[in-house]
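These notes are about the structure you will find just below.
The values are calculated or read from the model by the stated rules, or taken from the named source; none is laboratory data. Predicted model only: the values in this text are computed from it and were never measured. Glycine gets a Cβ as well: all are built from the backbone with ideal geometry, and neighbour counts include every protein chain shown.
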Amino acid sequence: MLWNTRRWTVLGCVGCLAASAVLAAAVLGTWHAPAARAEDRVSAAKASTDPALERTREEVKMLDDLYKNAVVSITRTYIDRDDKQPAIMVAKQVFSAMRKQGWHSARLVDATGEPFNDENAPVTDFEKAAFKAIREGKPYYEEVVGTGDQRRLLAATVVPSVMQKCSDCHTSKKVGDVLGFLRYDLKVR
């Protein structure tokens, strides 16, 4: 009984984050299809030859929109200048819950070169390559690793400072500056 209650509590939290993201996007007008990028055009060409990989890329896009819109919505709604806990900390708790449930792995990684804490520094070879790509101005970086049913998509999506509240903590950054990236690790299905 307790396990069922916990599971529904976690799912309820994720549901609330999803609802908040959709509501914020609708109200703020941020819910839109991303502009066609070179990677998207290449992906479309590959879709017919590898539909599983294309589905996984679409899952990354959906998760990225969900997490980023949720953080922005939480920040705008609940965070003020005196708060010591930024909204990304809530997202990190959701990342942990999703990993523990076996869905996927997501992690916030610093791209400034001066992380607030060492746990946000790039660690893996992929994260170090993504760090370099993001610093060079690429909004997205990916690698496919493994073979057969062990294939995984590793993806990194840029996290910029999107509002003044971001710069309240990241004092050396202004709106539009890159703060980091979200690193995703999903099984290709």
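Structure above, values below:
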| read-out | value |
| --- | --- |
| Tabulated pairs, region 158-184, first more than 13 Å from ALA111 (Cβ to Cβ), second part of a strand (DSSP E or B) and of a type in the set (Gly, Ala, Ser), C-beta under 8 angstrom, 6+ apart or interchain | TYR184/SER105; TYR184/ALA106; TYR184/ALA155; TYR184/ALA156 |
| Filter result for ALA70 (touching a Ser or Thr at 6+ places or on another chain (Cβ under 6 Å), in a helix (DSSP H, G or I) and touching a residue at least 40 places away in the same chain (Cβ under 8 Å)) | yes |
| Residue satisfying all of: in region 98-157; assigned to a helix (DSSP H, G or I) and hydrophobic (A, V, I, L, M, F, W, C); nearest to GLN85 (Cα to Cα) among these | MET98 |
| Odd one out for LYS68, checked against (1) among the charged types (D, E, K, R); (2) surrounded by 18 or more Cβ atoms within 10 Å (Cβ to Cβ); (3) over 18 Å from ARG57 (Cα atoms) | (3) |
| Near pairs, Cβ below 7 angstrom, 6+ apart or cross-chain, from region 83-108 (hydroxyl-bearing (Ser, Thr, Tyr)) to any residue that is surrounded by fewer than 19 Cβ atoms within 10 Å (Cβ to Cβ) | SER105/ARG99; SER105/ASP185 |
| When residues of region 127-145 are limited to those that are of a type in the set (Gly, Ala, Ser) and in contact (Cβ under 8 Å) with a residue 12 or more places away in the chain, the one nearest to ASP64 (Cα to Cα) | ALA130 |
| Candidates LYS84, LYS68, LYS100, filtered to the one that is basic (Lys, Arg), closer than 18 Å to CYS166 by Cβ and at pLDDT 85 or above | LYS68 |
| GLY148 being under 25 Å from ARG55 (Cβ atoms), free of Cβ contacts under 8 Å to residues at least 60 places away in the same chain and surrounded by fewer than 14 Cβ atoms within 10 Å (Cβ to Cβ) | yes |
| Among the residues listed as ALA111, ALA91, ALA129, ALA133, the single one being of a type in the set (A, V, I, L, M), over 14 Å from the mean Cα position of the chain (by Cα) and crowded, with 17+ Cβ neighbours inside 10 Å | ALA133 |
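Every residue, every condition in (1) of a type in the set (Phe, Trp, Tyr); (2) crowded, with 17+ Cβ neighbours inside 10 Å; (3) at pLDDT 95 or above, yes or no:
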residue	(1), (2), (3)
HIS104	no, yes, yes
GLU119	no, no, no
THR124	no, no, yes
GLY137	no, no, yes
TYR140	yes, yes, yes
ALA156	no, yes, yes
LYS165	no, yes, no
LYS174	no, no, no
